[in-house]
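Shown next, in structure tokens, is the structure this report addresses.
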Amino acid sequence: MRRVLLPALLFLAAACSREPAPYRQESYVFGTRVEISVAGLPEARAKPAVAAVLADLDALNSRLHAWQAGSEVMALNAAFAAGKAATVAPDVQALLRRGQYYETASGGLFSPAIGQLIGLWGFHADSYMPVSPEPARIKALLAARPAMSDLVFDGAKVSSRNTALVLDLGGIAKGWALDRARTRLQGAGVTSALINIGGNVMALGSKPDGEPWRVGIQHPRKNEALAMVELADGEAIGTSGDYQRYFELNGQRHCHLIDPRDGNTDCRMQAATVIAPAGPEAGLVSDVASKPLYLAGPTHAAAYARRMGVRDILLLDEAGRAWISPSLSQRLHWLTKPQQITLLE
């Protein structure tokens, strides 16, 4: 087994040498590295603003954890399995409703309702042992068809019409947290920052010298950047890849990006990257949209991108060939250029 925890994006945001160095703080939340860089403010103001964000992220991790006892998600799943309703905090309820929306928008390729499949493949753990679930168990879960549309909201309570629904918010929580982090920083008077939550990165303003923030897109097979791109104020970038959470069994790579249609964990692509346009849910979109694009592949990626509200997309197939939207092609700076690059229609 090999476990790779490199973030999907390299955090390459060095400030101009003539400007004071940004205040930078790191942490480890949601099973991944978090880094926040605040520029243009003295440390005395930047430090408490960043500390408040990191404290909120740590609390969210405890609340939304898919297999940690005592989390709100675990309590919800226990209630659903028993056919009961559970009281849900307003912010989590809002997150679940967004999960419903994006499951529909993605045609079901993104679904936080397939927690049982994720657990069956061994990804509800801090380390991943090679497993090969019984086909009959996968078939039974697929036949049960758990979906976010099974959730029923009644005031502060949520229930499920389907006892097979098990929530796993890992595919949406980082992006949702990214939007929360931006709001908190703005409320503290921060106007220039780069927020990286496990490779989902958002730019706040520009650097103090007026130059845009630049980030690097992780090479799926090397510990280096594949390309770099400048982010405008409020844009967010995210990548789903087969190199972050995976195991190998009998020469086959199995990654955590499980296809809700067939329960398959075969890594059919190396990576899918999206840049979400500035907006109140830019972080959330950067997290969610990469999943259906990864599963759809080059043939259908552009259509799913439109459904998810993104234009700038990059896919790397199993052979390392690149498929890129015309808009991203005009702004991407290759560091290691793939041998084959195809423009998506």
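Just so it is clear, none of the values below were taken in a lab; they were calculated from the coordinates. Just so it is clear, the model here is predicted, and its values are computed rather than measured. We place every Cβ from the backbone using ideal geometry, glycine too, and count neighbours over all the protein chains shown.
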Where a ≥ b ≥ c are the square roots of the eigenvalues of the C-alpha gyration tensor, would you call the range 113-171 rounded, which needs a/c under 1.5, or, failing that, prolate if a/b is larger than b/c, or oblate?
oblate
At 20 °C and 1.002 mPa s, the Stokes-Einstein diffusion coefficient in µm²/s for the range 64-171, with hydrodynamic radius from the Kirkwood sum on alpha carbon pairs, is 151
Cβ-defined net charge surrounding Phe110, 12 Å radius [Lys, Arg +1; Asp, Glu -1]
0
Which of the peptides 52-63, 187-198, 260-271 is most tightly packed, and how do the rest follow, judged by the mean count of other Cβ atoms within 10 Å per residue?
187-198, 260-271, 52-63
Interchain or sequence-distant (5+) residues whose placed amide H lies within less than 5 Å of the amide H of Ala236 are Ala276
Residue-wise HN-Hα coupling along the range 23-36, computed from phi with Karplus coefficients 6.51, -1.76, 1.60 (Hz; x: Gly, Pro):
6, 10, 9, 10, 8, 9, 9, 6, x, 8, 7, 10, 9, 10
Checking the cross-link filter: which lysines have an alpha carbon closer than 23 Å to that of Lys291, excluding same-chain neighbours under 8 positions apart?
Lys139, Lys174, Lys222
Explain nothing, just the number: relative contact order of the range 64-171, from Cα pairs under 8 Å at least 6 residues apart, as a whole percent.
41
Modelled label-to-label distance, Met129 and Asn264, 7 Å Cα→beta-carbon offset: nm?
2.8
Note on the chain: alpha-carbon gyration tensor, axes a ≥ b ≥ c; rule is a/c under 1.5 for rounded, else prolate if a/b larger than b/c, else oblate; result oblate
Amide H neighbours of Val29 at under 5 Å, excluding residues fewer than 5 places away on the same chain, with H built from the backbone geometry, are Val34
Note the full-extension length gain between Ala143 and Ala21 as 0.36 nm times their separation in residues minus their Cα-Cα distance, in nm to one decimal.
38.4 nm
Which peptide among 153-163, 199-209, 93-103, 132-142 comes first, and what is the full order, when sorted by highest mean count of other Cβ atoms within 10 Å?
199-209, 93-103, 153-163, 132-142
Interchain or long-range residues, amide H under 5 Å from Arg253's placed H
Cys267
Rounded to the nearest Å, what's the spacing between the alpha carbon centres of the range 28-42 and the range 170-238? Just the number, please.
10
Determine the calculated [θ] at 222 nm for the chain from helices alone, applying -39500 (n - 2.57) to every DSSP H run no shorter than 4 residues and normalising by the residue count; nearest 500 deg cm²/dmol.
-10000 deg cm²/dmol
Between rounded, prolate and oblate, where does the range 129-224 land on the alpha carbon gyration tensor, with a ≥ b ≥ c its root eigenvalues, rounded for a/c under 1.5, else prolate if a/b exceeds b/c?
oblate
If packing is taken as the mean number of other Cβ atoms within 10 Å per residue, what is the order of 172-182, 296-306, highest first?
172-182, 296-306
With a sphere of radius 12 Å drawn around the Cβ of Ser27, what net charge do the other residues whose Cβ falls strictly inside it have (Lys, Arg +1; Asp, Glu -1)?
-2
